[in-house]
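Read through the structure below, which is laid out as structure tokens, and then see the notes.
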């Protein structure tokens, strides 16, 4: 039941926030905050329980499940389940959801109720994506998270918000429709071989497909996830959407929506279509390093601070793709670790950039410089997250990226060399950003307010979390390791390459 | 006492954290107390541990302390754990000891700086990272320390962040060293994939069991590690960052860019000496890189005006000596020279800091002069440090360590007379640029008035380091013996027609020639120096050496500018053109189709008729 609450709480809170907005602009904020905290607490409880379940040597990887029949005629179930992977993604959702509510506290002044309604429903949708074990339900949740984001960008965004919102919608809807077709194709093909109509993940895992069909159906899924991830060259919606969205929107886009693409690859593409996925491995690896390098160079070229951070996401998510298609525990665990740490470090960077924009009303780095003089603590925090982003050992991102590279090295030395150069390139953009914004002379004579207590409350836990993940990541790795081993087993290719040694 | 090992790292780390979080709210007195004493306590514990290590040696002459498992994925299980043996013990002793005096000096030197607490936070973090690097029991933790010192170097070079030039130097340092680090990272992957462990001792053990001498993998692994080493230690071809690193506060230059961090590469090569022994080609590369660097940097040092840049090139050159020693298999000699170099180079930098401060931030040696009487402490510090650097026989520490290297360059098993000659030329150059500096700065007429004289907190470290720069040579025999617990002794193959004594005599002559030429050009007849630079050949050579043999220009042309160009032209993401193209196409076709909506019934009727005919034709003929 807890899993249902995780989705219902934000849905209800969103409704309440919208309704209460007519009486007070503070009420929606507090309601959303309470909902996010409640969800976080529930997730933590789940995590505690999962720890004991792992310790007890549980036979199944699913810590908790809810399975209700929804439309029996078509074999549609309301089926939620949580394993280590979805648990951590859920945790990330709650943390970043909480941060999004907090960072919008003073930024959003128009239509506060409707804003929080969208925010909460989006979080519910994302939680649904991470929990759904029924493909119909999955697609439902997938759409549920996209529409509110469209409104978020289109209503509360910046100068070119309409353009960015439509672009976002077109990219994600078109690729989403392809996924719907693929889901239906899988559904009918499964019926042809077994005579059972079902959208259930567990049933479809064993679907017998011809190689040809497997390839085409996988392509439908992969395109939807590749747009979300994003894989170069399908990334161009991202820089516009990120830079035009309000802070909370950017945080959720970078921290969570991109992760749903990676999650989809891990949860559906690899286990459902192991052979086809294995076939495309070379292409995926090349696209991954292309993304790493291209994203880094693009980030280096930007003068819009938000666009810069947006392109760093392209680069980092390239590592995720690289890890996923390494087909070994190093790569997979590294990929998940990168997903989590990127969510925190990039989320925090977007929060800081948003806070900066709130103060200076610009995102143009040419108009900044020397801000350290006026906002030292703010600058120190930004430096910290820039360092996390460039993969400094001791911070979380390094653990993920190191494991990914180690995994990739087992497959191809050449790919690893290029990807490692991508880490080098991350140094270039991260240091350039610090220099252009915080170092140098304060030529524009900015006199700004340093981190407020509310902002410190957002930033400090994220700093602590990245340090923790960088120095003692084992509790996190242990949480999702069984899920990853299970994945490799389901993919029917038990750690092929890695055991060759 | 040895269980306290972790505290040596933890105390500076904790202090750095506290200063970073609370420093801006503390008074300068509290910051000083915390920042300086943390290193002091760390140094004291290091000495206690050392005493314990010597008096009651642990089993196998090595002590391991594992704190926790860092990452555990399949068989990849590096710890946060420390490994203490003779090699790491000597290194941490020098780092904490020299580090403490430099911190004490900084307390006065930086007193009136607005970023006082930030400075000590960075410095403490640096020492903690350096100690982590030295004590790490596995390569991943070593890499953590390795990147940590690189970061602190970046932060401290760019400490005075208002000047964009400092920021540029800082980024250059971080990025150039990270180029090397990337190679090292690949080396880590190679080693782990080959042996399934990150523990340095296990790796070395398994490597010697499984890899034949000269095997491709061994050479590749050694060269990749060397890539990291040349980056951090500012050796060819990645030496370009160190001279610019002098933009940082002078105590930083003393601590990071002279005494400790830049020798990290030396340490890593010594730490993995088994691997290099398995890869003769790589070891020869080490010697070749060292030789080339010590000559090139020595020449560049001759031409610099900035007192700190002279010392920076001198550092590059001296680390070249250490690499030469490693390359010929004189492992202990390299570590010995690391120690003496830490003493005299820290001394020289701190002395230079006192001069620069006294002359109100004047860096050019041509606008100094006659400071012998004005700044006696700095003069004696410089004289002692300079003599030690040049290797004045018998009384200075530098003499013992450098001559050991020069002698080893020929007599060691992997030695060669060619390396010996390079070492000798290097000795000549060293003496030349050192005494050029001393004669220019302290003799001749007074050119810039002295406005400030160092106080106790700056004088005491100078005196202590000066003492070490002299008596440091006395520990030669016991130190070499002690180091043999961790490093193989140099295998003497002998040198035809040469003995250690004769080599020392030749080196002394090289020193004297250098001294005499420097005296002639820079004291007695300064017009000679100007004449040498004035003639065309001299001018070209001077310009070439002054610009560090054109490496900066080369990298700028070949790497930096093309990268900037590529980034600039594609700022608006050419891939997006494809998608906006689709949008444009859709729009255009909509406009075309819009033309058909004329509202005239006859056009519609004609359209329907033509369509019907076409479809019928298709149906009939297909």
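The values are calculated or read from the model by the stated rules, or taken from the named source; none is laboratory data. Computed from a predicted structure; not experimentally measured. FYI the Cβ positions are ideal-geometry reconstructions off the backbone, even for glycines, and counts take in every protein chain you see.
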Quiz prompt | Qualifying positions in the stretch B:271-281 - more than 17 Å from the chain's Cα centre (by Cα) and crowded, with 24+ Cβ neighbours inside 10 Å | solution = B:272, B:275, B:276, B:278, B:279
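Yes/no matrix, rows are residues, columns are (1) surrounded by 24 or more Cβ atoms within 10 Å (Cβ to Cβ); (2) under 24 Å from residue A:269 (Cβ atoms):
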residue: A:106; (1), (2): no, no
residue: A:120; (1), (2): yes, no
residue: A:154; (1), (2): no, no
residue: A:175; (1), (2): no, yes
Exercise. Identify the single condition in (1) at pLDDT 85 or above; (2) touching a helix residue (DSSP H, G or I) at 6+ places or on another chain (Cβ under 9 Å); (3) surrounded by fewer than 15 Cβ atoms within 10 Å (Cβ to Cβ); (4) more than 19 Å from residue A:87 (Cβ to Cβ) that residue A:453 does not satisfy, given that it satisfies every other one.
Key: (2)
Quiz item: How many residues does the stretch B:299-332 contain that are closer than 27 Å to residue B:273 by Cα and out of contact with any strand residue (DSSP E or B) (no Cβ under 9 Å at 6 or more places or on another chain)?
Solution: 16
Quiz item: Which helices (runs of 4 or more DSSP H) does the stretch A:258-333 wholly contain that include 1 or more residues that are within 13 Å of chain B (Cβ to nearest Cβ) and closer than 30 Å to residue A:134 by Cβ?
Solution: A:281-301, A:305-324
Quiz prompt | Selection within the stretch A:423-460 - within 28 Å of the chain's Cα centre (by Cα) and away from every other protein chain (no Cβ under 14 Å) | solution = A:452, A:453, A:454, A:455, A:457, A:458
Quiz item: Tally time: how many residues in the stretch B:164-199 are more than 8 Å from every other protein chain (Cβ to nearest Cβ) and not in a helix (DSSP H, G or I)?
Solution: 3
Practice problem: Being at the interface with another protein chain (Cβ under 10 Å from one of its Cβ atoms) and within 18 Å of residue A:461 (Cα to Cα) is the filter here, so list the residues in the stretch A:347-394 that pass it. | Solution: A:377, A:379, A:380, A:383, A:384, A:387, A:394
Exercise. Report those helices (runs of 4 or more DSSP H) wholly inside the stretch B:360-463 carrying at least 3 residues which are within 24 Å of the chain's Cα centre (by Cα).
Key: B:376-390, B:397-411, B:417-442
Quiz prompt | Search result, residues across the stretch B:47-91 that are within 11 Å of chain A (Cβ to nearest Cβ) and at positive phi | solution = B:74
Quiz item: Does residue B:393 count as more than 29 Å from residue B:225 (Cβ to Cβ) and free of Cβ contacts under 8 Å to residues at least 40 places away in the same chain?
Solution: no
Exercise. Restrict the check to the stretch A:343-361 and report whether at least one residue is surrounded by fewer than 24 Cβ atoms within 10 Å (Cβ to Cβ), in contact with a strand residue (DSSP E or B) (Cβ under 8 Å, 6 or more places away or on another chain) and not in a helix (DSSP H, G or I).
Key: no
Quiz item: Could you say which residue among B:231, B:214, B:227 is crowded, with 24+ Cβ neighbours inside 10 Å, in contact (Cβ under 8 Å) with a residue 40 or more places away in the chain and touching a helix residue (DSSP H, G or I) at 6+ places or on another chain (Cβ under 7 Å)?
Solution: B:231
Quiz item: Within the stretch A:464-476, which residues are part of a helix (DSSP H, G or I) and out of contact with any helix residue (DSSP H, G or I) (no Cβ under 6 Å at 6 or more places or on another chain)?
Solution: A:464, A:467, A:468, A:471, A:474, A:475, A:476
Practice problem: Considering each of B:311, B:295 in turn, give the residue that is in a helix (DSSP H, G or I), on the phi < 0 side of the Ramachandran plot, buried (at least 24 other Cβ atoms within 10 Å of the Cβ) and touching a helix residue (DSSP H, G or I) at 6+ places or on another chain (Cβ under 7 Å). | Solution: B:311
Practice problem: Could you check residue A:413 against (1) within 11 Å of chain B (Cβ to nearest Cβ); (2) more than 18 Å from residue A:352 (Cβ to Cβ); (3) at pLDDT 90 or above; (4) buried (at least 17 other Cβ atoms within 10 Å of the Cβ) and say which number it fails? | Solution: (4)
Exercise. For residues that are surrounded by 11 or more Cβ atoms within 10 Å (Cβ to Cβ) and more than 10 Å from chain A (Cβ to nearest Cβ), scanning just the stretch B:563-609, find the one that is farthest from residue A:299 (Cα to Cα).
Key: B:606
Quiz item: Going by the structure shown, is residue A:209 away from every other protein chain (no Cβ under 14 Å), crowded, with 17+ Cβ neighbours inside 10 Å, in contact with a helix residue (DSSP H, G or I) (Cβ under 8 Å, 6 or more places away or on another chain) and modelled with pLDDT under 90?
Solution: yes
Quiz prompt | Residues of the stretch B:72-121 that turn out to be over 30 Å from residue B:188 (Cβ atoms), in a loop (DSSP other than H, G, I, E, B) and either at pLDDT 90 or above or out of contact with any helix residue (DSSP H, G or I) (no Cβ under 6 Å at 6 or more places or on another chain) (or both), as a count | solution = 5
Quiz item: When you go through B:207, B:221 one by one, which is the residue that is assigned to a helix (DSSP H, G or I), in contact with a helix residue (DSSP H, G or I) (Cβ under 8 Å, 6 or more places away or on another chain), more than 14 Å from every other protein chain (Cβ to nearest Cβ) and crowded, with 20+ Cβ neighbours inside 10 Å?
Solution: B:207
